[in-house]
Amino acid sequence: LVVQMAQITRDSFLQAMDVLASYDESKAQEVAEKETRVDTYDDKVSAYLTRLSSENLSYEDSLRVTTLMHCITDFERISDHALNVVESAKQMKKDDSAFSKKAREEMKVYCAAIEDILTRTTKAFETNDETLARTVEPLEEVIDRLNKKVKKHHMKRLRKGKCTIELGLVLSDVAMNFERVADHCSNIAVCLIQLRDTQI
């Protein structure tokens, strides 16, 4: 169930990025539906794990339960961010606005990095792959640098009058949601590594 939740979350965010690149109402709707499904999974799994944690568990099992609870919270937050990105895309559609060519190129690179970190994190979670989990943190640092670069370049475009303040706010929102997703991926990876370390 939790693996399914992780997969839906990843798909939902990848879809949200597609909607941002090229607005599609049916895809936007699917992201909203997936977010509702992830919320339902979150409620059910959290309730089950909470009941389980009140049982007389071994230290290792107790740690596993706690780790899972942390991970599902992070996955649920990622699906919230997917919805936020879709809202930004909707705003752009409503205003009939679009990012400049340079901003689109930067967002393309940013989206590729987010897809990479999401895919690695989900795969590491599904397979409990500690080696793969360890590749997430360095990527999260790259994404942090990318985020700063995107914002810096945007400020330059704003000063030169090549971008509107409204579009700037949208870009800033999207960049913040991307950065948060990378943070949540990092949290999940750290949990997986800690869990494996205690089992050795």
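Go through segment 111-127 and count every residue that is over 19 Å from SER79 (Cβ atoms) and either open to solvent by 60 Å² or more (accessible area, probe 1.4 Å) or not aliphatic (A, V, I, L, M) (or both).
1
Would you mind stating whether GLU33 is open to solvent by less than 60 Å² (accessible area, probe 1.4 Å), at pLDDT 90 or above, of a type outside the set (A, V, I, L, M, F, W, C) and out of contact with any strand residue (DSSP E or B) (no Cβ under 6 Å at 6 or more places or on another chain)?
no
Please go through (1) more than 15 Å from the chain's Cα centre (by Cα); (2) open to solvent by 50 Å² or more (accessible area, probe 1.4 Å); (3) charged (D, E, K, R); (4) over 20 Å from ALA98 (Cα atoms) for ASP24 and return the number of the only condition it doesn't satisfy.
(4)
Restricting attention to segment 60-73, which residues are without any contact (Cβ under 8 Å) to a residue 40 or more places away in the chain and among the hydroxyl-bearing types (Ser, Thr, Tyr)?
SER62, THR66, THR73
With the condition kept exactly as written, say whether any residue in segment 6-19 is free of Cβ contacts under 8 Å to residues at least 60 places away in the same chain and of a type in the set (Ser, Thr, Tyr).
No, segment 6-19 has no match at all.
So which of VAL86, VAL45 is within 17 Å of LEU14 (Cβ to Cβ) and of a type in the set (Val, Ile, Thr)?
VAL86
The values are calculated or read from the model by the stated rules, or taken from the named source; none is laboratory data. In this text the structure is predicted, and so the values were computed from the model without any measurement. Positions of Cβ are generated from backbone atoms using ideal geometry, with glycine treated the same way; all protein chains shown enter the neighbour counts. Please note that ligands, DNA and RNA were not included when accessible areas were found on the heavy atoms of the full protein model with its side chains. Shrake-Rupley method; radii C 1.70, N 1.55, O 1.52, S 1.80 Å.
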